[in-house]
Amino acid sequence: MKKNIQLFRVVLFLFAMAPSLVYGKSKVANLRCEYLSNPIGIDAPAPRLSWQIIPDKENVMQTAFEIRAAKTPKDLLKNDRLVWHSGKTESDQSVNVRYAGPELKSMERVYWQVRIWDNHNRVSDWSEPAYWEMGILDPQLWQASYIGMNPEINKGETRPAQYYRKEFSISKEVQTARLYVSSLGLYQAYINGQKVSDRLFTPGWTSYRTRLQYQVYDVTSMLASNNAIGAILGDGWYRGSIGWGQNNYYGDRLALILQLRIDYADGSSDWIVTDQSWKASAGPILTSEIYHGETYDARLEMPGWNRPGFDDGKWQDVELISHSKDILIASMSVPVRAVQELKPVRLIKTPKGETVFDMGQNMVGWARLKVTGNKGDRVTLKFAEVLDKNGNFYTENLRAARVTDHYFLKGGGEEIYEPHFTFHGFRFVKIEGIQNPGLDQITGIVIHSDMEPTGTFVCSDSLINQLQSNIQWGQRGNFLDVPTDCPQRDERLGWTGDAQVFAPTAAFNYNVAPFFTKWMKDLAADQLDNGKVPHVIPDVLRGDGGSAAWADAAAIIPWTIYTLYGDVDILRNQYPSMKAWVDYVKGRAGEDYLWTNDPHFGDWLAYSTANSDYPGATTEKDLIATAYYYYSTSLVSTTAGIIGYAEDEKAYADLAENIKTAFNNEFVTPNGRLVSHTQTAYALALSFGLLSGEQIEKAARYLADDVRKFGHLTTGFVGAPLLCKTLSDHGYEREAFMLLTNKRYPSWLYPVTQGATTIWERWDGQKPDGSFQDKGMNSFNHYAYGAIGEWLYRYVAGIRVDPAAPGFKHFFLDPHPGGDLEHAGAKLQTMYGVIESSWRIAGDSFAYDIAIPANTTATVILPFAEKERLTVNGKPIQKALNEKARQEETGVKLELGSGKYSLRYPLPHW
Ligand code: BGC
C-alpha cells in the first residue's frame, strides 16, 4: 500500500511537471526585417532581423538563438538547402540581429525562421517562416527608361495630371510578377483597371536630386492573358507649388519609370518596361497641387484607359527623359495610406449662409464626395481648421494655399469622387454647388504614414486625455512621409526643430524608427558641404539653415532613435552627418567655444509680454546656441564611443568640456543664476548637463521659483519640451503638475478648454473671445508643443528608457503620481513586446500594475513604499520576491524579469 502511495505521488508529480517538461516553452512570433513585416523591395545589404518572444511564464530571457534562411519555405526544412544557418548562437539579442549569409542579390527572396533557448533551459519551436525580398541593387538592372509627355501639355496656368498606358499579352503560366515603379512627381499605378496598391503619395518625398525612391509590388494575381498597365502622374512635391510661391523646385517635367518582371513557371522571364512604345494623355484631373487642391472633370474620364482593349489612337507618343537611375533607392519607410474614415458630426449653416460639414476632429487627408446631379454641375469643397468668432468658415491662416477641390459631374447617377495628389488639414468642409446636402455625402479620409501604433496613455483627468488625443492626431496629420510643421497652410515642410523636439514623443505613440531613418538620410543628403544643416528637410529653401535647436536635429534624432529602439545602425549611418554639423558649429564658434552672433529662431513663439519682441526669444539666442553646441558635441562623443571611434570620442568629449567651461564663464554666475533668467534657459542648462555641483540645485530652485512666480510657463518651442522633465528630475513635481493642469493661457490645456482637437502652433492661437492670433502664422495642427507627451509617458506613467541598455532591453518603471490624478497608465509596444505601467490611488493605497516583456528586465521604483507593507500578486513581497526588493529612502526598488505584476502598498499619511 505504501509503495502504491509512493508511486501515486511520483505519477502526480510527473503529471504536475508535464506542462513545463513537455509543453512549457515560449513562442517566437512577430518576425520583422528592418522593422517591417515581410517587406518586398528593400536594399539593405545585410538586413536586420527581429522577433518577439511570447513567454509562458515569468522571468524569461533568451540565452541563444538559431536562424535558418532559405529560398523557399520548404527548403527551410532541409539543412542542405539553406542559404544561411546561424547555428545555435549564444546571445540574448532578439532585436536587429544582422543577416550574415552570402551576399544578397537583386530581387532575391529569402524565407527565414528562428527558434530560441531561454534561461529555463528550454528551446522554443521554430517560428512561422517570414520573408524579405531584395529590390534592385544595381542601377544597371533598371532596363526601363524615364518617359514623359510632350511638354506642350504643361503650358498655361493649369497643368493636368498625365496618364500613361501600355498593353501586353502573356502566353505562359505566370509564377510571380513584380512591379518596380518610380516617378518624377507623384504616381498611381494600375494593372487591368485595378490600383496596384493602397499606398498613397508614392514615390514619397525625399531629396529628389540624390535620392528617389521606387516601390515594389507583388502583382502576380493581377495578370491575365491580355493586360494593360498604366499610371497617372501628378505634380506633387516635385514640381508643384512648394515653399513659398516656388514651382518646379526639382524640375519642370514629370516622368514615369516602371518595369514589370514576369517569371514564368517554365523558368523563363519577361520584362515590360517604360519605353517609347508607351502612350500618354491628359485626362480628367485638370490640376492637382498639394497646397491648392484638385480640379477633376468627370466628363473627361476615359473609361477603360487602364484596361486592355482601350482605343488609345488619340493618345500621344511619349518622350524619353534623361534622368539619373543611380539615384533610385528602395522604400524602407512605412507607406502612406488612407488609415481611417470619419463621418461628419454635423452640418452647419453659418451666419454668412455657408454650408459647412463639421468632421468633429481636425484631421489630414481629404473628403470623399458622394453626389448625384447633371452633367457639368460643379461641386466645390473648401477646407478649414476653425470657424471664426462669429461661426463663419475661416481660411485666412492658410495663407496662399487655396485648399480647394472642384468636381465637375458627368451626370447619370451616383458619383463618388476622391482626389489623387493633394491633401488638406481640416476639421470643416464647406460645400458649394449642392443645395441641401445630406450628412452622408462627405466622408473624411484620414491619411498618414501608416506607422505601427505603439503607445497609449490614459489618466483620470479627461482634459489630459484629450491633450493626449490631440498629440496623437497632431502626429498622424504631420507624419505624411516626412515630419512636417503643419499640414494645412502653404508650408507643410520638414522643419528640423519641430521634428527634433517632438521625436521622443513620436516614438512613444508610434514606431517611428523606419520613418526617421529615411528622413535622416535625406537630412544627410541635403546637408551642405560645410556641414550646415538646412532648416527644412527635404530642403526646398535653397540651403537656408544653421539655426541652433533646428539644425541640431542632425545629432539629436539619431540619438533619440538609438535610445528608444536600440538601433546602432542609425548612429553608424548618420555619424558623418552628426559630426559634420558639430564641426560646422565649431567653425562658427571659434576659439572661445561660444557660439555667438549667428541668426537663430531662438525660443520660437515663447510667451512674452507686450513690450518684448514677440514672437521671438526672450532667452538670449547666444545662450541657446552654445547650450545646443554643447549637447550635440556630447552626443557626437558618446556616439563615437558606441560605434568604436575612440579618438573621436575623446576629441569631442574634450571639446564638450571646453564648451561647458565657456558656457559657465559667459552665462552662469557662481551662484547658478543664468544671465537669461528664464525657464527656457534653466531647462536647457539643467537638462543638457551644463551645470555642476551646487549650481545644479540652485538653478533648479530658480526655475521652480520662476514657474511659481508666473504661475504658468513662459517657454517656446525650445524650452517647453524640456520644462516638466527638468522640474521632475529635480524634485519639483508639484510645479510640473501645476503647469500640466493649468487651464489658462499659456498652457497645454488652454487650447483643450477651447475645444482643440490637435495641438496649436501658438499657446493662444484662438483667444477666449474667439478672436485669432496673427493670421499669417496661426496653425491649429502643429505638433511641436505636443512634445509634452514624452513627459506623460516617461514620468507620469513612468516608462523610462535606460540609455545604457537602449531599446527597452532594460528599462525603469518609475511612476510619478501627482496633481489631482487618481490614476494614470501607459502601454508601450516595444520591439520586445508590451510594457505596461498603470497606477491608481484609492484612499491611502497605491496600486501599480506592470508588464515587462520577455527578454527584458526592469528596475521598478515604488514611490513612498515600505518593503514590509508591499504585496506582489497578492503575496507579501518577503514571500514572493524578497531578494529582488531593496528598501531605499524614497521607496522600494525592485529588479524584475519579464511578467505581469500587481503591486500594492499603503501610502503614508501626509
Ligand atoms: C514653422 C515652424 C518652424 C519655424 C521656424 C515656421 O514657419 O511653421 O514650425 O519651426 O517656421 O522658426
Quick calc, the stretch 243-379, dipole around Cα centre from Cβ unit charges on Lys, Arg (+) and Asp, Glu (-), nearest 20 debye, gives 840
Projected area averaged over all directions for the convex hull of the alpha carbon atoms of the chain, nm², comes out at 44.7
Low-density loop trypsin sites (Lys or Arg not before Pro), the stretch 263-331, at most 16 other Cβ within 10 Å, DSSP non-H/G/I/E/B, are K314
May I ask for the net charge around T596, where only other residues with Cβ less than 14 Å from the Cβ of T596 are counted and Lys, Arg are +1 while Asp, Glu are -1? -3
Counting DSSP beta bridges in the chain, what percent are antiparallel, to the nearest 5? 95
Carbon/sulfur fraction of accessible area - the stretch 764-847, other protein chains in place, 1.4 Å, %: 48
Taking only the alpha carbons of the stretch 122-200, the radius of gyration and the largest Cα-Cα distance, Dmax, both in angstrom, are 19.4, 72
Semi-axes, largest first, in whole Å: what does sqrt of 5 times each Cα gyration tensor eigenvalue give for the stretch 624-717? 28, 14, 10
Dipole of the chain, positive end: most advanced residue of P203, M134, S86 [Cβ charges, Cα centre]: S86
Find the relative contact order for the chain and round it to a whole percent, using C-alpha pairs within less than 8 Å whose residues are 6+ positions apart. 10
Based solely on C-alpha atoms, express the radius of gyration and the Dmax of the stretch 181-319 in angstrom. 16.0, 55
Enclosed volume per residue, in Å³, of the convex hull spanned by Cα atoms of the stretch 354-492: 136
Between K767 and S462, what's the calculated FRET efficiency when r is the beta-carbon distance and R0 is 22 Å? Round to 0.05. 0.40
Using r as the Cβ-Cβ distance of A651 and S324, and R0 as 35 Å, what FRET efficiency do you calculate, to the nearest 0.05? 0.40
For the stretch 442-484, just the Cα atoms, rotate onto the principal axes and tell me the three extents in Å, largest first. 33, 27, 18
Where does the charge balance sit around K775 when Lys and Arg score +1, Asp and Glu -1, over other residues with C-beta under 15 Å from its C-beta? -3
Label E866 and R886 with points 7 Å out from Cα along Cα→Cβ: what is the distance between them in nm? 2.2
Which GluC sites (Glu not before Pro) in the stretch 404-463 sit in a loop by DSSP (not H, G, I, E or B) and have at most 16 other Cβ atoms within 10 Å of their own Cβ? E414
Surface/4 of the Cα convex hull for the stretch 774-878, nm²: 9.6
May I ask for the distance between the Cα centers of the stretch 233-284 and the stretch 360-439, given as a whole number of Å? 29
For K279, counting only lysines whose alpha-carbon sits under 17 Å away and dropping same-chain residues fewer than eight positions off, the answer is K166, K314
Ranked packing of 361-370, 139-148, 335-344, most packed first, by mean Cβ within 10 Å: 361-370, 139-148, 335-344
Can you count the Lys pairs in the stretch 713-812 whose Cα atoms are under 25 Å apart, with each pair 8 or more apart or on different chains? 5
Gain in length, D774 to S221, computed as 0.36 nm per residue apart minus the alpha-carbon separation, to one decimal in nm? 193.7 nm
Relative contact order (percent, whole number), the stretch 424-507, Cα cutoff 8 Å, 6+ residue spacing: 25
Check: C-alpha center the stretch 488-550 vs C-alpha center the stretch 653-695, spacing in Å is 27
Considering the alpha-carbon set of the stretch 709-799 alone, what are its Rg and its Dmax in angstrom? 13.2, 40
If R0 = 45 Å, then R337 and R673, at their Cβ-Cβ distance, give a FRET efficiency to the nearest 0.05 of 0.30
When the dipole is taken about the Cα centre of the chain, and only Lys, Arg (+1) and Asp, Glu (-1) are charged at their Cβ, what size is it in debye, to the nearest 20? 2340
Which residue, L286, T274, L328, has the largest displacement toward the positive end of the dipole of the stretch 263-345 when charges sit on each Cβ (Lys, Arg +1; Asp, Glu -1)? L286
Cross-link table K370/K430; K25/K57; K105/K521, entries beyond 19 Å C-alpha to C-alpha: K105/K521
Which value in deg cm²/dmol, rounded to the nearest 500, describes the helix-derived mean residue ellipticity at 222 nm for the chain, given -39,500 (n - 2.57) per DSSP H run of n ≥ 4 and division by the residue count? -7000 deg cm²/dmol
With the dipole of the chain defined by +1 on each Lys or Arg Cβ and -1 on each Asp or Glu Cβ, the option from I659, L523, Q259 whose Cα lies farthest towards the positive pole is Q259
25 Å Cα-Cα threshold exceeded, pairs from K349/K375; K532/K621; K867/K900; K195/K410; K78/K172: K349/K375; K78/K172
Taking the stretch 212-261 and dividing mean pair separation by its residue count, relative contact order in percent (alpha carbons under 8 Å, at least six apart): 24
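The values are calculated or read from the model by the stated rules, or taken from the named source; none is laboratory data. Please read these numbers as outputs of a predicted model, since none were measured by experiment. Every residue, glycine as well, gets a Cβ built from its backbone with ideal geometry; the counts of neighbours run over all protein chains shown. Note: accessible area is taken over every heavy atom of the protein model, side chains too, but ligands, DNA and RNA are not part of it. Shrake-Rupley method; radii C 1.70, N 1.55, O 1.52, S 1.80 Å.
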